[in-house]
Structure formats: structure tokens, C-alpha cells
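Below: the structure, in C-alpha cells.
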Amino acid sequence: MNSVSVLAAPEIHAPPVEFSQLAPMLIVFGAAIVGVLAEAFVARPARYAVQFPLALVGLAAAFCWTLWLGFSEKPQHAAADGAVAVDGPTLFIQGTILVLAMLSLLLIAERAQDAFTAQAAALPGSEAEQESMADGGIQTEIFPLTLFAVGGMMLFPAANDLLTMFVGLEVMSLPLYLLCGLARRRRLLSQEAAVKYFLLGAFSSAFFLYGTALLYGYAGSVRLSAISAALSRSGGSETLLLAGVALLSVGLLFKIGAVPFHPWKPDVYQGAPTPITALMASCTVVAAVGAALRVFYVAFETLRWDWRPMMWGVAILTMMVGAIVAITQTDIKRMLAYSSIAHGGFLLTGIVATSESGLSATLFYLAAYGFTTVGAFAIVTMVRDTTGEAGHLGRWAGLGRRSPVIAGIFAFFLLAFAGIPLTSGFTGKFAVFQAAADGGAVPLVIVGVLSSAIAAFFYVRVIVVMFFSEPEPDAPSVVTTATTATAVALGLTATVVLGVLPQPMLDLAGQAATQLFVR
Amino acid sequence: MNYVILSAILFTIGALGVLIRRNAIVVFMCVELMLNAANLAFVSFARMSGNLDGQVIAFFVMVVAAAEVVVGLAIIMTIFRSRRSSSVDDANLLKY
């Protein structure tokens with residue numbers, strides 16, 4: 001009977017689309033599509049010169065538009081018929097993603113030491129590979145792919161219904177799967193990372209989707225506000241609801257890299273080309289945490305007594321496992337991956353707080369952590385020997401004697417990760433822990449401080465290796481180029497400024513969080 | 001409701017398949033089975049709640065799944081060409 005009345009509905013009205021509020025995303029996607037066209041029509045040698053400025057200008061234009069939206073219009077509005085929420089947190093997160101993506105793009109565009117393969121289709125070790133290497137080109141498709149991924153990252157935390165969120169998740173992930181497999185050296189590792197990331201990523205997004213289906217069955221809609229309204233009505237199947245929340249959380253926690261769902265992270269971070277690792281470790285984490293914040297604050301806020309115990313457990317496990325396993329690592333990228341897992345745990349304590357201060361603290365933490373991460377991975381790309389990047393920690397011995405400036409900056413980034421005062425890491429950690437303690441999660445804060453102390457141990461160990469041991473005779477050298485140095489300098493500046501003078505940024509995050517999320 | 005139960009069974013078979021099977025292609029097919037189980041759930045919930053949202057969502061999911069197949073098969077094919085094997089157990093260079 002129902003279906004008959006639905007089918008008889010007279011006509012479909014086109015939904016209103018507020019183009020000016022969606023413009024940052026549209027600009028990024030537009031630039032990506034122009035990039036695809038450039039791949040088709042521009043001659044191969046000229047492509048790099050077209051693609052890099054195009055991508056950079058696209059991201060910068062989108063960032064300017066986001067700033068303008070944030071400071072002039074102050075929208076608190078669900079655009080596109082309620083599918084995309086344009087509010088304070090969205091704009092803050094999108095702005096952060098765009099800046100971090102620009103920094104990562106500087107690393108991606110580095111030509112002095114190519115990180116990307118010349119021809120992804122050529123077999124490793126084959127003649128075709130040597131030929132394409134000799135031609136000196138690179139696969140310029142990385143630029144449009146990066147832009148598509150960034151566009152998806154901007155949509156993911158802005159989505160106001162679970163379907164848009166799923167589409168954003170896939171638009172973000174699919175290009176990243178490909179980018180992971182495009183390393184120039186150690187190609188087998190890179191391809192293996194791509195396969196692992198792809199299979200596990202697809203697995204987790206299937207969980208996300210099935211959770212969405214169950215919540216649709218419970219609430220009759222995938223709109224976050226409708227789910228929240230259905231919760232307060234009560235009635236409906238509790239089983240559908242709880243199973244839906246659990247499956248959806250699996251999908252979100254996988255992207256954050258929280259502990260039962262973390263094993264992909266070290267493998268993928270190690271195998272992927274380092275500029276892409278920088279992009280994933282900063283922007284993807286920001287996007288995923290942003291989406292988790294929106295889902296848990298908007299849709300499931302009234303259900304928090306049900307999901308909080310689970311999130312407590314996940315946060316504690318994530319902080320401890322990340323910090324403890326990192327101690328045993330010998331590869332620098334793998335160690336940073338475990339450190340990123342531990343930081344995911346700190347971010348989860350901000351989500352658990354479910355308060356305005358928790359939201360603003362998490363937003364600040366995301367920005368602070370993102371800059372430090374891009375800076376740290378930028379330095380990883382600079383330390384090189386004859387086989388490419390010197391990944392093994394032992395090869396970093398004595399770096400402080402050979403190039404004190406770079407080693408000093410890296411040491412500073414590590415101290416920021418550890419959360420030493422006067423770095424951005426300290427301000428961020430202090431803010432989330434304070435919010436969590438105010439929200440009654442004192443045990444969580446104690447575990448967080450403990451895990452920070454454990455983490456400080458392996459960060460300091462790297463510093464000791466760099467400064468207090470003798471360099472090997474064939475130790476790697478530091479290759480400095482303008483673009484990478486710019487990325488390092490910007491990351492360093494942000495880390496120092498957010499540590500010494502955090503107030504403006506804290507105010508900005510606080511302002512973005514004042515009205516929480518639109519519904 | 002029976003269709004929802006069927007979709008849950010399909011989803012479980014898919015999830016178990018991902019965990020148990022060793023061939024990357026089969027693992028990927030199991031993921032597709034999970035996505036289609038979600039589609040079945042969407043369509044049957046749409047029927048139960050009497051709005052069309054679920055049916056429209058199913059179309060979106062099909063498009064996304066198709067895009068995922070393109071990317072996934074490309075990646076699996078690349079690793080098969082360089083290793084002559086598509087077993088997920090053989091890909092073991094990255095660990096600890």
C-alpha cells in the first residue's frame with residue numbers, strides 16, 4: 001500500500017543547492033577534473049609544469065573561499081537540501097585540510113628526488129621500467145588523484161547524512177589506494193601496501209555501509225538529525241540501533257586507525273611513498289576524526305551512555321598499544337605510524353568528552369598535530385642514501401653531527417609529538433585532557449598521561465641516536481631543496497607558534513565550536 | 001523482515017570470507033557480497049518504512065561499488081604481475 005502511494009507522487013522537485021557555500025569543495029573537484037583533461041591533452045614533457053601550479057592554485061583558491069565563508073557569512077546551515085552541513089566545525093576542518101594538503105603537495109611535487117614511479121604499469125625490474133626511468137618523467141596523474149582525495153576529505157566531515165558521508169569516504173579512499181602503490185623505489189613494498197590498504201579499506205567501508213543500512217531501518221532516514229530525533233522518540237528496534245551504531249563505528253575507527261582496527265596503518269605508512277604518507281597521516285586523520293565528531297555529537301549524542309564505555313575502551317587501548325609497540329620499531333616511518341595511532345587515541349579522548357570544550361580542543365589538536373606530522377615526514381624524505389630514503393633508524397645515527405639544523409628541527413618535531421611545553425603538542429594535549437577530565441573521564445586522562453610518558457621514551461631515543469652516536473662512514477646525507485624546505489619551514493613555524501602563542505588558534509577553534517554542529 | 005535476515009546472513013558470509021579466504025580476488029568478491037547485502041537491507045527497509053530513500057541509496061552504492069572494482073582490480077592485477085601470485089599470504093614484506 002505504501003509503495004503505491006509513493007509511486008503515485010506527482011513530480012520530483014529539484015533540491016536547492018547553495019553553490020557559494022559548497023564552493024571550496026567544488027573548486028577542488030573542478031581543479032581535479034581540469035587536471036584529468038590536462039593529462040589527456042597536454043604533451044607529456046609539459047604536464048608537470050601544468051599540473052603542479054593547477055593543483056596548488058586550486059587548493060589555495062578553495063582555502064581563500066573557506067576563509068571568506070568563515071569570517072564574513074558565518075553560515076550555520078545544511079546546504080544542498082540538508083546533505084552537506086556548512087557550519088563552524090566544517091569550515092575549520094576544511095580549512096585545516098586545505099592548508100595541510102598544500103604542504104603535502106609541496107612534498108608530492110618535489111622533483112629533485114622523485115618519490116613517484118615513472119610508469120606505474122611497468123613491472124618492477126623490467127626493461128620497460130628502466131626505459132621510462134631514463135625518460136625522466138613521472139606519473140603526473142598523482143596531482144589530479146591527490147585533488148580528488150582532498151575533495152573527498154573535505155566532503156567526509158561535512159556530510160550531514162550517512163549516504164553523503166559514505167560517498168565522501170570512498171571518494172577520499174579510492175585515490176589514496178592508488179597513490180599508495182606508486183612509489184619509485186621499493187616498489188614491491190609499495191604495491192603490497194596498496195593491496196593491504198585497499199582490501200582492509202573496502203572491508204571497513206562495507207561495515208560502515210551495513211551500519212548505515214541498519215540505522216536506516218531504525219530511523220527511516222539516513223539524515224543525522226533524523227536519527228537523533230528517532231532516538232528521542234524511542235520505540236523501534238533496539239537491536240537494529242545498537243548493531244548499526246557498532247558497525248558504523250567500526251568504519252569510522254578504521255579510518256582513524258584506532259586499536260582493534262589499526263594493523264593497516266604501519267604497513268601502509270611504511271610502504272607508501274613518503275609524501276603520500278604525509279598526506280594520509282595529516283589530512284586523512286583530520287577528515288576521519290571530523291566525521292567521527294559529527295556522527296557522535298549530532299546523531300548519537302542522546303545515546304552516549306551506550307557508546308561511551310566502548311569508546312573509553314578503544315581510546316585506552318589505542319593510546320597504550322600505539323605507544324608501547326612504537327618502542328620496538330626500527331623503521332622511522334613505521335615508528336611515526338605507531339605514534340600516529342597513539343595520537344588517534346588522544347583525539348578519541350576529545351570525542352568522548354562530548355562537550356563544546358571537547359570539540360574545540362579536538363579541532364585545535366587536529367590542526368597542531370597535522371602541521372607537525374607533515375613537517376616530520378618532510379624531513380624523512382630529505383634524509384637519503386644511495387638507495388633512496390634511509391628508513392632504518394640505525395642509519396640516522398650521528399645525523400646531528402653531519403647536519404645539525406635538520407636533526408635539530410626533527411628533534412623539535414619529536415618533542416612536539418611527545419607534548420613537551422612550548423610546542424603545539426603540549427597545548428593540544430592539555431586542551432583535550434582538560435576537556436575529557438571536565439567530562440568525567442579522569443581515568444582516561446591518567447592513561448593518556450601515562451601513554452605520553454611511554455611515548456616520550458621512544459621519541460627521546462631517536463634524538464639520542466641522532467645526536468649522541470657516531471655516524472657510519474656511508475651515512476645518509478641530507479638533500480635540501482626549495483619545495484621540501486618550504487614545507488619543513490611552514491610546519492616548524494606552525495608548531496612553534498601554536499606552542500608559544502596558542503591563544504589566537506584556540507580562540508578560532510573555540511569560535512568554530514560555539515554553536516556545535518548544525519542539525 | 002525475512003529479507004533483512006537474508007541480508008544479515010549474506011553480510012556474515014561475506015565477512016567470514018574476507019577473513020578466511022586467501023586469494024585477493026576472492027577476498028574482494030566477498031567485500032562486494034557485503035556491499036550487496038547492505039543494498040538488500042536498504043531496499044527491504046525502504047519497503048518496510050514506505051519511503052523511497054533506501055532504493056535511491058542502493059543506486060548510489062552500486063555506483064560506488066563499481067568504482068571500487070575498477071581501482072581494486074587494477075591494484076590486484078599490478079601486484080599479480082610483479083609477484084605472479086594473488087595470495088594475500090604471499091604479500092608479507094611489511095611486518096612488525
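Note on residue A:438: accessible area approximately 120 square angstrom, rounded to 10, probe 1.4 Å, nucleic acids and ligands left out. Rolling a 1.4 Å probe over the protein heavy atoms gives the stretch A:19-513 an accessible area of 31 Å² per residue. Spherically averaged projected area of the convex hull of Cα atoms, the stretch A:323-471: 8.2 nm². When +1 charges are put on Lys and Arg Cβ atoms and -1 charges on Asp and Glu Cβ atoms, the dipole computed for the stretch A:19-513 relative to its Cα centre reaches about 460 debye.
So for the stretch A:196-333, averaging the separation of alpha carbon pairs under 8 Å that are six or more residues apart and normalising by length, what relative contact order in percent results?
Reported relative contact order: 29 percent.
Between the stretch A:488-516 and the stretch A:449-479, how far is it from one alpha carbon centroid to the other, in angstrom? Using only Cα atoms to place each centre, the spacing works out to 27 Å. With angles folded into 0 to 90 degrees, how steeply does helix A:482-500 sit against the dominant principal axis of chain A? Use alpha carbons for both and round to 10. Once rounded, one gets 60 degrees. Legend: calculated FRET efficiency, residue A:11 to residue A:33, from the Cβ-Cβ distance at R0 = 35 Å, rounded to 0.05, equals 0.70. The residues of chain B present an accessible area of 53 Å² per residue when probed at 1.4 Å with all protein chains retained.
Assuming R0 = 41 Å, can you tell me the calculated FRET efficiency for the pair residue A:422 and residue A:133, based on Cβ-Cβ distance, to the nearest 0.05? E(calc), rounded to 0.05, equals 0.35. Against chain A, whose longest principal axis comes from its Cα atoms, helix A:44-68 is set at around 50 degrees. Considering chain A at the alpha-carbon level, its Rg and Dmax are found to be 22.6, 82 Å. Per-residue shielding of B:42-51, expressed as the average number of other chain Cβ atoms within 10 Å of the residue Cβ, stands at 5.
Looking at the stretch A:271-336, none of the trypsin sites (Lys or Arg not before Pro) sits in a DSSP loop with at most 15 other Cβ atoms within 10 Å of its own Cβ. In the stretch A:153-175, the residues whose accessible area drops by at least 50 square angstrom when the other protein chains are added to the isolated chain are A:163, A:174; the probe is 1.4 Å and only protein heavy atoms count. Ligands, DNA and RNA left out, the accessible area of the protein assembly as shown computed with a 1.4 Å probe is 69% carbon and sulfur.
Which value at 222 nm does chain A reach when only helices count, each DSSP H run of 4 or more adding -39,500 (n - 2.57), with the total divided by all residues and rounded to the nearest 500 deg cm²/dmol? Write down the numbers at each step before the final one.
Values: 23 runs with 373 residues, N = 519.
Rounded to the nearest 500, the figure is -24000 deg cm²/dmol.
The stretch A:66-127 and the stretch B:70-85 have Cα centres lying 27 Å from one another. Taking all Cα pairs closer than 8 Å and separated by 6 or more residues, the relative contact order of chain B comes to 28 percent.
Of the residues in the stretch B:8-41, those shielded by at least 30 Å² of accessible area once partner protein chains are present, compared with the chain alone at a 1.4 Å probe, are B:11, B:31, B:34, B:35, B:38. Alpha carbon centre of the stretch A:232-311 versus the stretch B:36-50: separation in Å? Centre-to-centre (Cα) distance: 24 Å. Interface area, chains B and A: about 4000 Å² of buried accessible surface, summed, with a 1.4 Å probe and ligands, DNA and RNA left out.
To the nearest 0.05, what FRET efficiency results for residue B:87 and residue A:493 with a Förster distance of 51 Å applied to their C-beta separation? Between residue B:87 and residue A:493 the formula returns 0.60. Peptides A:260-269, A:45-54, ordered by how many other C-beta atoms sit within 10 Å of their residues on average, highest first, read A:260-269, A:45-54.
List the residues of the stretch A:234-271 that lose 20 Å² or more of accessible area once all protein chains are present, compared with their chain alone (1.4 Å probe, heavy atoms only, no ligands or nucleic acids). With the partner chains in place, the stretch A:234-271 has these residues losing at least 20 Å²: A:240, A:267.
The values are calculated or read from the model by the stated rules, or taken from the named source; none is laboratory data. Predicted model only: the values in this text are computed from it and were never measured. Note that we place each Cβ from the backbone using ideal geometry, even for glycine, and neighbour counts take in every protein chain shown. Ligands, DNA and RNA are excluded from the accessible area calculation, which covers all protein heavy atoms including side chains. Shrake-Rupley method; radii C 1.70, N 1.55, O 1.52, S 1.80 Å.
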